[in-house]
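The values are calculated or read from the model by the stated rules, or taken from the named source; none is laboratory data. In this text, all values refer to a predicted model and were calculated from it rather than measured experimentally. All Cβ positions, even for glycine, are placed from backbone atoms using ideal geometry, and neighbour counts span all protein chains on display. Just the protein is used for accessible areas: all its heavy atoms, side chains included, with ligands, DNA and RNA removed. Shrake-Rupley method; radii C 1.70, N 1.55, O 1.52, S 1.80 Å.
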Amino acid sequence: MLLSNLYPSLQNKVVFITGGATGIGAVLVEQFVKQGAQVAFVDIAEQEANALVERCTQAHWLAPRFYPCDITNVKALQAVIAQVKQDIGAISVLVNNAGSDERHDYTQVTEEYWDSRMHVNLKHSFFAIQACVEHMKALGGGSIINFGSASWHQRQGGMPGYTSAKAGIEGLSRGMADELGAHRIRINTVVPGWVMTERQMRMWVDKATQQQIENAQCIDDHLQPADIAAMVLFLASDDSRLCTAQKFIVDGGAI
Ligand SMILES: NC(=O)c1ccc[n+]([C@@H]2O[C@H](COP(=O)([O-])OP(=O)(O)OC[C@H]3O[C@@H](n4cnc5c(N)ncnc54)[C@H](O)[C@@H]3O)[C@@H](O)[C@H]2O)c1
């Protein structure tokens with residue numbers, strides 16, 4: 001799917017994306033690169049990340065920079081953010097996209113497993129914000145986009161560690177908006193519905209689920225990563241200069 005909008009304000013901006021190697025994150029990397037932004041991304045999927053950098057290079061776009069990093073290791077994440085500043089400059093757009101929607105039976109959840117769901121779905125977003133805000137203050141402003149999920153709004157079961165963390169993401173965005181607004185830093189949550197990434201199709205979406213999705217949505221086209229990227233680009237650009245503290249739902253009307 002081709003996105004038609006061009007945002008001149010994104011040109012040369014340093015954009016930092018977590019979980020950029022596959023799924024929605026990979027489309028975000030490509031779309032920001034196409035806008036002329038300087039993109040840095042982290043992931044644990046090194047092979048996929050290197051292939052993405054190669055695809056961008058072959059297409060003669062400004063190559064994104066990949067930094068291998070497990071975002072659940074906060075010190076490593078902070079170190080990468082500092083490195084990005086040294087390599088390409090202060091980060092003005094942060095996209096907290098990385099996550100894991102692993103299913104789990106609540107009767108079997110251990111304390112360690114619960115903590116791991118918080119670490120991969122919530123904790124890193126806060127610490128990335130904390131580190132990037134210093135860059136944004138120096139630049140006179142910035143935009144932070146956190147990834148929520150429509151799942152808990154729809155009472156989806158089978159992954160309370162994920163849905164709890166994703167509910168927390170909305171609290172994180174709203175709870176920091178006022179303080180950050182004083183520095184012209186905007187912070188919003190994008191709430192995707194069920195997006196047909198390669199992983200979702202492989203892991204969870206069968207014919208019955210597809211039917212369920214179509215029944216839930218007002219417009220029954222299947223959501224693609226580019227539909228989410230369109231919203232993220234807008235929120236990253238200066239065109240959304242007075243949008244902050246909000247959630248932006250892209251779900252075909254399912255919630
Ligand atoms: N796909 C959907 O239907 C959907 C729906 C609602 C919300 N979301 C949210 O959108 C975001 C992107 O979703 P997606 O479907 O593309 O996810 P995905 O699982 O396909 O991709 C997530 C990326 O994060 C990376 N990642 C996972 N753990 C990591 C770690 N510890 N360190 C570094 N990188 C790590 C993965 O390798 C992957 O590249 C997530 O926050 C997800 O919760 C997705």
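One table, with the values for the structure above:
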| quantity | calculated |
| --- | --- |
| Relative counts (whole %) of C-alpha pair distances in the chain, using bins that are 10 Å wide | 7, 32, 38, 19, 3, 0 |
| 0 to 90° range, to nearest 10: angle between helix 207-216 axis and the chain longest Cα axis | 70 degrees |
| Helix 225-236 vs. the chain, principal-axis angle (Cα, 0 to 90°, nearest 10) | 40 degrees |
| Whole-percent pair-distance distribution, where bins are 5 Å wide, for the alpha carbons of the range 154-199 | 5, 18, 19, 21, 15, 10, 9, 3 |
| Segment K75-E46, length gained on full extension (0.36 nm per residue, minus Cα span) | 8.5 nm |
| Simple spin-label estimate for T107 and Q211 in nanometres, 7 Å along Cα-Cβ | 2.8 nm |
| Pairwise Lys count, the chain - Cα closer than 19 Å, eight or more residues apart or different chains | 9 |
| By accessible area with a 1.4 Å probe, ligands and nucleic acids excluded, highest first: order of S100, S240, S4 | S4, S100, S240 |
| Surface share of carbon and sulfur [accessible, 1.4 angstrom probe, percent] for the chain | 51 percent |
| Helix-only CD estimate at 222 nm, as mean residue ellipticity for the chain, using -39500 (n - 2.57) per DSSP H run (n ≥ 4) | -14000 deg cm²/dmol |
| Distance histogram for the range 144-255 (every C-alpha pair counted, 5 angstrom bins, percent rounded to whole numbers) | 2, 12, 20, 22, 19, 12, 7, 4, 1, 0 |
| Angle between the chain longest axis and helix 74-87 axis [Cα atoms, degrees, rounded to 10] | 40 degrees |
